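Peer 1: First the structure, which I've put down as structure tokens, then a few questions once you've had a look.
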Amino acid sequence: MKRLLFIFPHPDDESFACAGTMAKYHEAGHEILLICATFGCKGKPGGFTFTCREELANHRKQELLQAARVLGVNETIFFGYPDGGLAEVDVAELTARIRAYLLELKPDIIVTFPPDGVTGHPDHIALSRATEQAVLQVEQTKPCDFYYVSIPKYYDHCADQGPKPAVPITGKVDVSRYREQKAEALRAHESQIYSVNRAYPGVMQGDIGVICHYEYYTLIRSHGEPIEPKPCGGEIPVIELV
């Protein structure tokens, strides 16, 4: 059994990026762990009325815990940093917080957003940077594989554009059998209907046609050694994280 740790800034990031992967490896008998750095209290609460951000934060926490149950997450850890404020958190503090959990949990595989944050969100970028620094600090004690997860089709269904990818995608995980679980996890984040509809139109209404059969990764470090990601130059190869 391997231990996979997914590190994201907001509730719903896990479902957008790699819900199929989480469900797949849970079914295969591996341990799935999730760190969420904020409660997402600045997210636009479609269809809900909250009197304060604390109410929204608690609601989004419960949504994430429901999504985690759908995906078979064994443990969900919340840091509780201010939503939209990770870039203002001292990077040494954020790194140390992640480092402490890496030493405690001893994951075999670590996954987070790439340096561009997929969408360019400052929270995504800040957490990516701190996670990489934490991995560098602990990998001689507990070697692991460190991946970035990308969402190359995130903007396929809206007029917006994301930043230029910071790294090439080097592999894709086949999650064909787990598309319905990914959809169910996305539906758990019902307060984020605007965001879900933007990237995955139809899913909230039960149509999973837009959910891709693959989730996309870049291996950055393996067992204490850097991996130079190179563009595939053709079809992205199917890989397994475990």
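The values are calculated or read from the model by the stated rules, or taken from the named source; none is laboratory data. Keep in mind it's a predicted model, so treat the numbers as computed, not measured. Here the Cβ is made from the backbone with ideal geometry for all residues, glycine too, and neighbour counts use every protein chain on show.
Peer 1: So, in the range 171-192, exactly how many residues are crowded, with 20+ Cβ neighbours inside 10 Å and farther than 30 Å from Phe50 by Cβ?
Peer 2: 4
Peer 1: Any residue in the range 16-27 that's on the phi < 0 side of the Ramachandran plot: show its pairings with residues that are aromatic (Phe, Trp, Tyr) and crowded, with 24+ Cβ neighbours inside 10 Å at Cβ separation under 6 Å, as long as the two are six or more apart or on different chains.
Peer 2: Qualifying pairs under 6 Å: Gly20/Tyr178; Ala23/Tyr178; Lys24/Tyr178.
Peer 1: Taking the residues in the range 228-242 that are at pLDDT 90 or above and not aliphatic (A, V, I, L, M) as candidates, determine which candidate is nearest to Ala28 (Cα to Cα).
Peer 2: Glu240
Every residue, every condition in (1) within 25 Å of Lys164 (Cβ to Cβ); (2) surrounded by fewer than 24 Cβ atoms within 10 Å (Cβ to Cβ); (3) within 18 Å of the chain's Cα centre (by Cα); (4) in contact (Cβ under 8 Å) with a residue 12 or more places away in the chain, yes or no:
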| residue | (1), (2), (3), (4) |
| --- | --- |
| Leu94 | yes, yes, yes, yes |
| Tyr101 | no, yes, yes, yes |
| Glu104 | no, yes, no, no |
| Thr119 | yes, yes, yes, yes |
| Pro122 | yes, yes, yes, yes |
| Ala130 | yes, no, yes, yes |
| Glu139 | no, yes, no, yes |
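Peer 1: For the range 58-76, which positions are surrounded by fewer than 20 Cβ atoms within 10 Å (Cβ to Cβ), assigned to a helix (DSSP H, G or I) and at pLDDT 95 or above?
Peer 2: Lys61, Gln62, Leu65, Gln66, Arg69
Peer 1: While we're here: It is to be established whether one or more residues within the range 160-170 are surrounded by 19 or more Cβ atoms within 10 Å (Cβ to Cβ), not charged (D, E, K, R) and not in a loop (DSSP other than H, G, I, E, B).
Peer 2: Within the range 160-170 (the criterion being surrounded by 19 or more Cβ atoms within 10 Å (Cβ to Cβ), not charged (D, E, K, R) and not in a loop (DSSP other than H, G, I, E, B)), the answer is no, since none of the residues qualifies.
Peer 1: Okay, moving on. Restricting to the range 132-159, what's the tally of residues that are part of a strand (DSSP E or B) and either over 27 Å from Leu94 (Cβ atoms) or among the aromatic types (Phe, Trp, Tyr) (or both)?
Peer 2: 3
Peer 1: Would you point out the residue of the range 189-242, among those that are part of a loop (DSSP other than H, G, I, E, B) and among the acidic types (Asp, Glu), that is nearest to Cys158 (Cα to Cα)?
Peer 2: So in the range 189-242, the residues part of a loop (DSSP other than H, G, I, E, B) come out as 189, 200-202, 206-213, 223-224, 227-237, 239-242.
Next, only the ones that are among the acidic types (Asp, Glu) stay: 207, 228, 235, 240.
Values: Asp207: 17, Glu228: 32, Glu235: 25, Glu240: 30 Å.
Result: Asp207.
Peer 1: Considering only the range 104-115, state which residues are under 14 Å from Pro9 (Cβ atoms) and out of contact with any Cys (no Cβ under 9 Å at 6 or more places or on another chain).
Peer 2: Selection gives Thr112, Phe113, Pro114, Pro115.
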